[in-house]
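Notes to accompany the following structure.
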Amino acid sequence: MDAAKYIWMNGEFKAWNDAQTHVLSHTLHYGNGVIEGTKAYKTEKGYAIFRLNDHTKRLIESAKMTLMKIPYSVEELNKVQVELLRKNEFTGDNVYLRPFAFLGYGVMGIYHKNAPVETVIAAWEWGAYLGEEGMRKGIKLKIVSMTRPANTSNMGKAKATANYLNSQMAKYEAIDCGYDEALLLDDQGYVAEASGASFFMIVDGELITPPSDNALVSITQKTVIEMAEKMGIKVTRRRITREEVYIADEAFLTGTAAEITPVAIVDAREIGSGSRGPITEKIQSAYFDIVFGRNKEYEHYLTYID
Ligand code: PMP
């Protein structure tokens with residue numbers, strides 16, 4: 001990864017290499033931590049963070065779900081993220097922000113109430129999550145053997161570090177089989193989401209994406225639904241089966257890091273023409289116009305760093 005100058009940790013800006021924790025930190029052993037993934041883009045008026053408040057709010061809400069108390073407000077953490085971008089003096093096209101909270105050193109055993117909560121925000125420059133070529137030509141997606149855990153046995157709505165064990169196993173399996181990314185079904189066999197992104201398909205000009213029943217409540221998915229409706233594209237949220245995915249006209253993944261990534265192949269079947277489809281391309285280019293500040297209608301989603 002590309003190091004930056006500063007990381008904010010528990011109220012202080014520290015030099016990148018000085019933001020450290022003890023090896024007996026509770027989260028390293030038992031997995032209760034919460035993360036966000038937020039992105040800033042270099043617009044004509046300098047960097048702007050996309051949907052900052054929504055991301056920070058989700059961090060605080062994830063922590064509430066997993067019984068951690070972050071000792072900062074959404075407003076305070078928003079300010080820190082703006083300041084962190086300023087202080088790091090980035091130059092690239094975009095910057096990824098990773099606010100997170102974890103349980104630190106001092107308590108062992110599963111009961112975590114007395115473990116100290118550490119709050120951190122890092123930021124670094126990061127290229128296309130699924131590769132530049134994937135953004136143009138589409139990626140290969142594999143429906144993997146892991147399913148998303150049932151709602152009765154974990155908290156899929158929390159962006160919790162523990163949930164990413166399931167994502168990691170899924171992604172590793174997909175890549176090991178020669179694919180780029182994993183698509184996970186839920187415990188009923190319907191499409192849930194990718195390892196770190198949401199799923200959309202296009203059938204007869206209609207955009208279809210699953211409800212968030214067994215997936216993270218995604219900010220990019222909401223943005224894409226809003227954009228598509230404004231573009232006059234019909235959007236339906238409903239359960240999707242594996243067979244429907246195979247015969248879709250187009251498909252793509254969405255996420256803060258994945259942005260709009262076209263899907264070319266699912267489980268050895270070409271989707272549509274086996275490349276980026278025309279509606280996907282339209283949505284992809286409209287999304288970049290929004291995040292790079294070229295569409296006035298969506299200015300309210302941008303927090304500028306001056
Ligand atoms: N699902 C999972 C499991 C994710 O990790 C992400 C990335 N945060 C998403 C969906 C997409 O969420 P968002 O659009 O809010 O980035």
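The values are calculated or read from the model by the stated rules, or taken from the named source; none is laboratory data. These numbers come from a predicted model, not from an experiment. Methodologically, a virtual Cβ is constructed for each residue, glycine included, from the backbone with ideal geometry; neighbour enumeration extends over all protein chains shown.
Could you tell me which residue of the range 158-192 is nearest to the ligand (Cβ to nearest atom), considering only residues that are within 27 Å of T56 (Cβ to Cβ) and touching a helix residue (DSSP H, G or I) at 6+ places or on another chain (Cβ under 8 Å)?
Checking each candidate, the answer is K159.
Just one of E229, E250, E244, E206 is among the charged types (D, E, K, R), away from the ligand (no atom under 16 Å from the Cβ), without any contact (Cβ under 8 Å) to a residue 12 or more places away in the chain and farther than 21 Å from T66 by Cβ; which is it?
E229
Only one of these conditions is not met by E250: (1) surrounded by 22 or more Cβ atoms within 10 Å (Cβ to Cβ); (2) in contact with a Phe, Trp or Tyr (Cβ under 8 Å, 6 or more places away or on another chain). Which number is it?
All conditions are met except number (2).
Pull out all pairs, ordered by first then second residue, where Cβ-Cβ is under 7 Å, the residues are six or more apart or on different chains, the first lies in the range 172-201 and is more than 15 Å from G156 (Cα to Cα), and the second is among the charged types (D, E, K, R) and near the ligand (Cβ under 10 Å from one of its atoms).
These pairs meet every condition: F199/E193.
Can you pull out every residue in the range 50-103 that is within 16 Å of the ligand (Cβ to nearest atom) and either assigned by TED's automatic domain parsing to the domain that holds S218 or of a type in the set (S, T, Y) (or both)?
Of everything in the range 50-103, those that are within 16 Å of the ligand (Cβ to nearest atom) and either assigned by TED's automatic domain parsing to the domain that holds S218 or of a type in the set (S, T, Y) (or both) turn out to be T56, S62, T66, Y96.
Y105: surrounded by fewer than 21 Cβ atoms within 10 Å (Cβ to Cβ), free of Cβ contacts under 8 Å to residues at least 12 places away in the same chain and farther than 30 Å from T261 by Cβ, yes or no? Let's see the steps before the verdict.
Numbers: surrounded by fewer than 21 Cβ atoms within 10 Å (Cβ to Cβ): yes; free of Cβ contacts under 8 Å to residues at least 12 places away in the same chain: no; farther than 30 Å from T261 by Cβ: yes.
Criteria not met by Y105.
Please determine whether any residue of the range 176-186 is surrounded by fewer than 15 Cβ atoms within 10 Å (Cβ to Cβ), part of a loop (DSSP other than H, G, I, E, B) and out of contact with any strand residue (DSSP E or B) (no Cβ under 7 Å at 6 or more places or on another chain).
yes
Residues checked against (1) over 23 Å from Y301 (Cα atoms); (2) at pLDDT 95 or above; (3) touching a helix residue (DSSP H, G or I) at 6+ places or on another chain (Cβ under 9 Å):
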{"site": "G37", "(1), (2), (3)": "no, yes, yes"}
{"site": "Y47", "(1), (2), (3)": "no, yes, yes"}
{"site": "R51", "(1), (2), (3)": "no, yes, yes"}
{"site": "K64", "(1), (2), (3)": "yes, yes, no"}
{"site": "L67", "(1), (2), (3)": "yes, yes, no"}
{"site": "I70", "(1), (2), (3)": "yes, yes, yes"}
{"site": "V80", "(1), (2), (3)": "no, yes, no"}
{"site": "N114", "(1), (2), (3)": "yes, yes, no"}
{"site": "V117", "(1), (2), (3)": "yes, yes, yes"}
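Among the numbered criteria (1) out of contact with any helix residue (DSSP H, G or I) (no Cβ under 8 Å at 6 or more places or on another chain); (2) within 16 Å of the ligand (Cβ to nearest atom); (3) among the aliphatic types (A, V, I, L, M), which one does A258 miss?
Only one criterion in (1) out of contact with any helix residue (DSSP H, G or I) (no Cβ under 8 Å at 6 or more places or on another chain); (2) within 16 Å of the ligand (Cβ to nearest atom); (3) among the aliphatic types (A, V, I, L, M) is unmet by A258, namely (1).
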